[in-house]
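Only one structure is covered here, and it is reproduced in the block below.
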Amino acid sequence: MGISQNWGHHPKPPDWQDWLDHPLIERCAHHWNYINFVGFGQVRHLVKVSYFEEMIRAPLEFATSIRQEVGLNPLENEVELVEWAKRIQNTNNEQFSEAETSKNYSRPDHQVRVSRWKENLSAEDVKCVLPIIEKTTRQFGYFLRDEKAAQQAGWR
C-alpha cells in the first residue's frame, strides 16, 4: 500500500532509506511515529488534538462542539452537519464516507474503523511495533491499559 509504494503522500522520515530492509509492518510503524511525534511536535503550539474515537462515537455532537469552538453560527450548515454525521461511523457499509485520498488504500475486510489494528495485527506484529510507537501513542493517551492481558497476548 502507501509505504510499500514510495511511502505514501506524507513526508518521509529523513532516515526512511535505513528502513527499507525492515518488514513492512515496522516501516509503517516508523512512518506513523515520525508523522505523529516529529510532525506533531512542530505544530503542537498551533493545534488542539481531536480524537477519531470521539468523532466516530458521536459524530453530530463532535461536529457541533468543533463548530462552537471555532465560533460559527449554530444555525449555519446545520443540514450539512446532520448529513455528514450520518456517514461517519465505525463500520464499513453503504453509508460510510471515506476520504478520496484513502480509498485506494482501504481494506474492505475491516469490520470497524476504530481499533481495526486489532483485526489485522497478530500479537507478534504488535510486539514488533510497540517499541517503535509506544512513546508517541502515550503522548496522545493511547496505551495498552490492561498490562496483564497484554502479557497474555504476548504483547509485552
Residue satisfying all of: in the stretch 127-155; crowded, with 16+ Cβ neighbours inside 10 Å and modelled with pLDDT of 85 or more; nearest to residue 59 (Cα to Cα) among these: 137
Some residue of the stretch 94-101 being surrounded by 11 or more Cβ atoms within 10 Å (Cβ to Cβ) and either closer than 20 Å to residue 29 by Cα or at pLDDT 65 or above (or both): no
Test set (1) of a type outside the set (A, V, I, L, M); (2) in a loop (DSSP other than H, G, I, E, B); (3) at pLDDT 90 or above - residue 44 fails condition number: (2)
Qualifying position, being among the aliphatic types (A, V, I, L, M) and surrounded by 14 or more Cβ atoms within 10 Å (Cβ to Cβ), among 24, 81, 46: 81
Total residues in the stretch 64-78, condition closer than 20 Å to residue 47 by Cβ and surrounded by 10 or more Cβ atoms within 10 Å (Cβ to Cβ): 7
Residue match in the stretch 2-11 (condition: surrounded by fewer than 17 Cβ atoms within 10 Å (Cβ to Cβ), modelled with pLDDT of 80 or more and not hydroxyl-bearing (Ser, Thr, Tyr)): no
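If only one of 67, 27, 107, 113 is within 26 Å of residue 11 (Cβ to Cβ) and either of a type in the set (Val, Ile, Thr) or modelled with pLDDT of 90 or more (or both), which one is it? I'd like the intermediate steps shown before the answer.
Details: 67 fails: within 26 Å of residue 11 (Cβ to Cβ); 107 fails: either of a type in the set (Val, Ile, Thr) or modelled with pLDDT of 90 or more (or both); 113 fails: either of a type in the set (Val, Ile, Thr) or modelled with pLDDT of 90 or more (or both).
Step by step, each of 67, 27, 107, 113 is checked, and only 27 is within 26 Å of residue 11 (Cβ to Cβ) and either of a type in the set (Val, Ile, Thr) or modelled with pLDDT of 90 or more (or both).
The values are calculated or read from the model by the stated rules, or taken from the named source; none is laboratory data. Computed from a prediction, not measured in an experiment: that's the story for all the values here. Note: ideal-geometry Cβ built from the backbone for every residue, glycine included; neighbour counts use all protein chains shown.
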